[in-house]
Every structure is written in C-alpha cells, then in structure tokens.
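The values are calculated or read from the model by the stated rules, or taken from the named source; none is laboratory data. Everything quoted here is computed from the prediction, not taken from an experiment. Every residue, glycine as well, gets a Cβ built from its backbone with ideal geometry; the counts of neighbours run over all protein chains shown. Ligands, DNA and RNA are stripped out before the accessible areas are found, and what is left, the full protein with its side chains, is counted by its heavy atoms. Shrake-Rupley method; radii C 1.70, N 1.55, O 1.52, S 1.80 Å.
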Amino acid sequence: MAPSTLICDTDSWQNLKTHVAEIKKTHLRDLMNDADRCKSMMVEFDGLLLDYSRQNATLDTTNKLFQLAEAAHLKDKINRMFNGEHINSTENRSVLHVALRAPRDAVINSDGKNVVPDVWQVLDKIRDFSEKVRSGSWVGVTGKPLTNVVAVGIGGSFLGPLFVHTALQTEPEAAECAKGRQLRFLANVDPIDVARNITGLDPETTLGKFVVVSKTFTTAETMLNARTLREWISSALGPAAVAKHMVAVSTNLTLVEKFGIDPKNAFAFWDWVGGRYSVCSAVGVLPLSLQYGFSIVEKFLKGASSIDQHFYSAPFEKNLPVLLGLLSVWNVSFLGHPARVSMESNGKGVSIDGVVLPFEAGEIDFGEPGTNGQHSFYQLIHQGRIIPCDFIGVAKSQQPVYLKGEVVSNHDELMSNFFAQPDALAYGKTQEELQKENVSPHLVPHKTFTGNRPSLSLLLPSLTAYNVGQLLAIYEHRIAVEGFVWGINSFDQWGVELGKSLATQVRKQLHASRTNGEAIKGFNFSTTTVLAKYLQESSEVPAELPTKLPQV
C-alpha cells in the first residue's frame, strides 16, 4: 500500500463493507450452534485461552480480516517495530517497549545499537537499589528504614504502574513480599491528591521514596507535586533529606540534580519508550520493585516478553493480539460500535412500551479527575471522535496548598486547565494559524484541531457534603430527563439479569463437577470447552470447601 493510499480505499476494506450486510442477517444464537465455527474461533497460548466465537463474525469474516491485514502490510509493520525502525514518524523515534522486557541475551537495535544491554543495566541498578531499601541497608536521613513509596507521575507514568500494583496487591506471593510496605501514586495536581497520599505517613520513618517520574523533568503537574512533597520533607527533616528520600526516573540529570536529587539515584529510560508503554521501564519497575521486590516484577516482565514473542512469530489466525486488534477494527469501523462496554440503565434498545428504538439511546460515560484526563484521553476528544464533555470544577479546595515562589497555588493550577480546555475544544486551531507559527509542514496535520466540539462547565463553590448531594441529584435528574425524552425506562437494569440467570446454571455445573465428577452438559460447544479448561486448571479446589480466608 503506497503511503498516500488510505486503507479504506483498498479492495479488502470494500469487501468487508459489503460483507456487513451479510452479517446483519445472522444471529449469534444461530452462529453458536455451529460447533466447527466455534472450535475455529478458540486460540490457546501459554496457558491463555481466547474464545471469540461470540463475535458477530463468520469464518468468512475472519478470512476477510486477514486479507485486510495483508493489504495494510501488518506483518511488515510488526517487523519494522521489532527492528527498531522509526515508525513513530512525527517524533522520528523507534517504538521499542518490547526491548524493556526482552531477555538479557536478546538483540534489539535502535539506530544501529543493541539497546538490550542498556535496559538490563538499568534493571540491574533497580534490583540493587530496591534490595538495599527493602533490606534496610539504605536508610533515611535519620537512620531509620524506609518502608513506603510514593510514586509521583502522570499519564503513562501513573496508569500503567497503578494497574500492575492493583493486580499484585492481593496476589499471595506478591502480598507476602509487600508486607509492612505501602505503595501510593500521586498523579493529579489537585492538592486533595497530595493530602490523600501523605495521610498516615511520617517523613522520617514511613516515607520510603518519592519516585519522581518525568522523562524531561519538566512535566507541569508532576513537578509541582514533586516540589510540594520536597517541601513536606524539607520542612520536617531539613533540605539534606531530599537526597536520601527522593529518587528520579528521568533522562534530564541536570534538572534532577538542580532539584536536589543525587544524579546517582536517577534511573534512565529512553526516547523510544512511549509514555503509554512505559510501565516495563524504570517508570513502573522501580516503584513496583521497591514494593514487591525485583523478583516479583521480573516475573511480570517475563510474562510480557512471552506475549511479545508470540505477537512477533505466531501466524495471524493463532495470534492473540492480532485477532483482538482485527476484531476491534471490525466492530468499530464496519459494525459501528464505538466502544466495547457501557454500564448505564439508559442503554436501552426498546421504548418503555417495548417498541424497538430506531435510534441509539444511552451514553458512554468516562472521565478522570483534574489534569489526569489530559494525559490519558484528551487526544481523542480534541482530534478524534466528537465527544461532548462535562467539566466540573470547585472554587475552593478542601485541602489548599500554597508554595512560596510559585506563580499560582496548586488549586489554581488545576483550575487553569478547567477554564482552558473548554475553549480549546470550542475554538480549535487551524492550519493557517499553525503555518503562521512556522510549524513544520509535515506536522501541521497532526497539530490541527478542528474545534467545534461541545462541552459544558459546572463550577461548584466548594465540595461539602451538601454540595456533593447537589451534584448527585443534578446527574440523577439529568438521566431521568433524557429517558423521558427518549421514551425509555431509565430506572431498570434487565440487561444484568440474564447473565445472573445463566450464571446460576454454571454455578450448579461447577458444584456438580467438583463434588461428583459429573460431565458438563447443557451448554454450547464454546462454554463447554472453556468450562472444562477452567475445571482442569483449578482442580486444586477441594470438593468439600473448608473455610479459607485471603492470605493478604
């Protein structure tokens, strides 16, 4: 496919568009009766089992999707990524997060250099440092051990590590390794988040490490939060404490040292690490290793590497990431499903009288507090789909923070974005404006904002219990008004009941299979297969269940 050709202009794309009409005639209850089809839509790899038989797709659909992948040169693009080519063309960078979890003896090049040794040099440094902190050989400025960690970062420096941490918190081995330790994440610039993160912590004894994560050490929210916490440490323990109580994940050693952190305690990552793909770098590995120990985190890295190799080498029909990606393309671009999950009782397909609606009802609600959203989904709302936005702000912070020498208070910084983003969405930025600013021609399309994107702003005087009650009622009634206009029932949730009913049948089957060894019966081929796999893999569950509580 030539660079100037869009994928939608290919025959493969057009074949899929034509194919939609055929799929619209099918129903999953009929498709699920075809055992051969269901069997072909099951893929197993490294203990994982993917069953995509409940997609609105036939074998012909998947074949056409594979043809689309060929037209898009998907395999070539995967290879180019693994080969370290600069596929991030607007920033002229490689995209090599796979190198972050590659085996020590792997060879992955960027600009002619094998980057894997550099990765492992940092990993070894993290292993050494985290073991010193966890063993107590590295202590705070007063000589007491440091047991807790606050990781300061935003966007990919927060979301990914938090995801892993959330998953590991109740995993028995990891929980055992984390006993007596805490890991907290500070991302939002709202001072409330600062208050939450330092609550219960003593700078002298329980402040493990403030891990400041910022590639350039200039990210506004992160650095303001970092300065706030530096002040908290310094006021309690003196300025010299910063070097013993704060470390950095950054490439800007000059600013790290200027901040007061010993450059020896800075952990590097590279420009070929994208923000949303950085959890396997020091961004995530450092705080997670301090919490759980490096050996636990190394298992996480190995799991990621297993999928990396599968993605690189498996044929498309057995390739889990490729299948999931192609099915997403099918759902979004051809079937018109803009999201995968919506949980709101306005998501109805019939009127209150049971008449099928000739339009879509319900909304997909999502959001983030404060400036977090700017580093997670604002790209989408500015330059992707048009998504009406609600901006909710509070005039008075519950926990105001002022720092001498700062231009504005922390809450003012937060609210600056509250006022700016609605205007940015409404006005946008034209190509002509960018050209006047002498933006490079090849970047103009990427930096153009169409504007004309709707939003509303709601400003509260404060956030007392009274105001919270107000806010709740506003949105309750808003849902009701919408439902009244649509002619639907906004107050029931029958969509969850069918699943509950079917779960009862599964529950009975699990009990019968575990206690009496009864064969699985009464389910379709797919459910029968996956249930059998589940019972096999969880065979350690005793038939007669004793009392056993979580080991956390």
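Below is a table of values for the structure above.
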{"item": "Residue in the range 81-106 that is farthest from Ser281 (Cα to Cα), counting only those that are among the hydrophobic types (A, V, I, L, M, F, W, C) and at pLDDT 95 or above", "result": "Ala106"}
{"item": "Listing of helices (runs of 4 or more DSSP H) fully contained in the range 108-210 that carry 1 or more residues being without any contact (Cβ under 8 Å) to a residue 24 or more places away in the chain", "result": "116-135, 159-168, 191-198"}
{"item": "Number of the exception - Ala236 against (1) more than 30 Å from Thr90 (Cβ to Cβ); (2) open to solvent by 50 Å² or more (accessible area, probe 1.4 Å); (3) touching a residue at least 60 places away in the same chain (Cβ under 8 Å)", "result": "(3)"}
{"item": "Residue satisfying all of: in the range 123-145; open to solvent by less than 20 Å² (accessible area, probe 1.4 Å) and touching a strand residue (DSSP E or B) at 6+ places or on another chain (Cβ under 8 Å); farthest from His442 (Cα to Cα) among these", "result": "Val133"}
{"item": "Given (1) open to solvent by 60 Å² or more (accessible area, probe 1.4 Å); (2) in contact with an Asp or Glu (Cβ under 9 Å, 6 or more places away or on another chain); (3) within 15 Å of Glu298 (Cβ to Cβ), index of the condition Arg101 fails", "result": "(1)"}
{"item": "In the range 46-60, residue least open to solvent (accessible area, probe 1.4 Å) [restricted to those that are among the hydrophobic types (A, V, I, L, M, F, W, C) and modelled with pLDDT of 90 or more]", "result": "Ala57"}
{"item": "Test: residue in the range 465-479 that is over 30 Å from Ile192 (Cα atoms) and either modelled with pLDDT under 80 or surrounded by 13 or more Cβ atoms within 10 Å (Cβ to Cβ) (or both)", "result": "no"}
{"item": "Residue tally, condition touching a residue at least 24 places away in the same chain (Cβ under 8 Å) and open to solvent by less than 50 Å² (accessible area, probe 1.4 Å), over the range 250-268", "result": "9"}
{"item": "Subset of the range 13-59 [closer than 16 Å to Ser333 by Cβ, of a type in the set (S, T, N, Q) and within 31 Å of the chain's Cα centre (by Cα)]", "result": "Gln55, Asn56"}
{"item": "Qualifying residues in the range 369-405 (those that are touching a residue at least 60 places away in the same chain (Cβ under 8 Å) and charged (D, E, K, R)) - the one farthest from Ala465 (Cα to Cα)", "result": "Asp390"}
{"item": "Residues that are acidic (Asp, Glu) and open to solvent by less than 40 Å² (accessible area, probe 1.4 Å), drawn from the range 299-328", "result": "Asp308"}
{"item": "Subset of the range 385-409 that is over 27 Å from Tyr475 (Cα atoms) and charged (D, E, K, R) - its residue that is nearest to the chain's Cα centre (by Cα)", "result": "Glu406"}
{"item": "Which listed residue, of Lys64, Lys39, is over 30 Å from Val285 (Cβ atoms) and surrounded by 17 or more Cβ atoms within 10 Å (Cβ to Cβ)", "result": "Lys64"}
{"item": "Members of the range 135-163 found to be touching a helix residue (DSSP H, G or I) at 6+ places or on another chain (Cβ under 6 Å) and closer than 12 Å to Pro287 by Cβ, listed by number", "result": "Val149, Val150, Ala151, Val152, Gly153, Ser157, Gly160, Pro161"}
{"item": "Test: residue in the range 276-285 that is within 30 Å of Ile387 (Cα to Cα), in contact with a Cys (Cβ under 9 Å, 6 or more places away or on another chain), touching a residue at least 40 places away in the same chain (Cβ under 8 Å) and crowded, with 20+ Cβ neighbours inside 10 Å", "result": "no"}
{"item": "Residue pairs meeting the criteria (Cβ under 9 Å; at least 6 apart or on separate chains; first open to solvent by less than 100 Å² (accessible area, probe 1.4 Å), in the range 3-26; second in a loop (DSSP other than H, G, I, E, B) and among the β-branched types (Val, Ile, Thr))", "result": "His19/Thr58; Glu22/Thr58; Ile23/Thr58; Thr26/Thr58"}
{"item": "Selected residue [open to solvent by less than 80 Å² (accessible area, probe 1.4 Å), modelled with pLDDT under 95 and either within 27 Å of Glu176 (Cβ to Cβ) or assigned to a helix (DSSP H, G or I) (or both)] from Thr527, Thr547", "result": "Thr527"}
{"item": "Test: residue in the range 67-89 that is touching a Cys at 6+ places or on another chain (Cβ under 9 Å), within 23 Å of Ile307 (Cα to Cα) and polar (S, T, N, Q)", "result": "no"}
{"item": "Residue, modelled with the highest pLDDT, within the range 451-464, restricted to residues that are open to solvent by 40 Å² or more (accessible area, probe 1.4 Å) and over 20 Å from Gly367 (Cβ atoms)", "result": "Pro461"}
{"item": "Residue among Val242, Val247 that is hydrophobic (A, V, I, L, M, F, W, C), part of a strand (DSSP E or B) and open to solvent by less than 40 Å² (accessible area, probe 1.4 Å)", "result": "Val247"}
{"item": "Among the residues listed as Glu221, Glu231, Glu176, Glu171, the single one being open to solvent by 50 Å² or more (accessible area, probe 1.4 Å), of a type outside the set (S, T, N, Q) and under 22 Å from the mean Cα position of the chain (by Cα)", "result": "Glu171"}
{"item": "Residue in the range 485-506 that is modelled with the lowest pLDDT, counting only those that are outside any loop (DSSP other than H, G, I, E, B) and open to solvent by less than 50 Å² (accessible area, probe 1.4 Å)", "result": "Gly499"}
{"item": "Qualifying residue in the range 276-295 (condition: modelled with pLDDT under 90, under 28 Å from the mean Cα position of the chain (by Cα) and within 21 Å of Leu168 (Cβ to Cβ))", "result": "yes"}
{"item": "Out of Ser333, Ser328, Ser306, Ser289, sole residue that is in a helix (DSSP H, G or I), of a type in the set (Ser, Thr, Tyr) and closer than 21 Å to Val249 by Cα", "result": "Ser289"}
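Each row is one residue, and each column tells you yes or no for (1) modelled with pLDDT of 80 or more; (2) farther than 24 Å from Phe158 by Cβ; (3) in contact with a strand residue (DSSP E or B) (Cβ under 6 Å, 6 or more places away or on another chain).
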| residue | (1), (2), (3) |
| --- | --- |
| Leu335 | yes, yes, no |
| Met343 | no, no, no |
| Gly354 | yes, yes, no |
| Phe359 | no, yes, no |
| Gly362 | no, yes, no |
| Thr371 | yes, no, no |
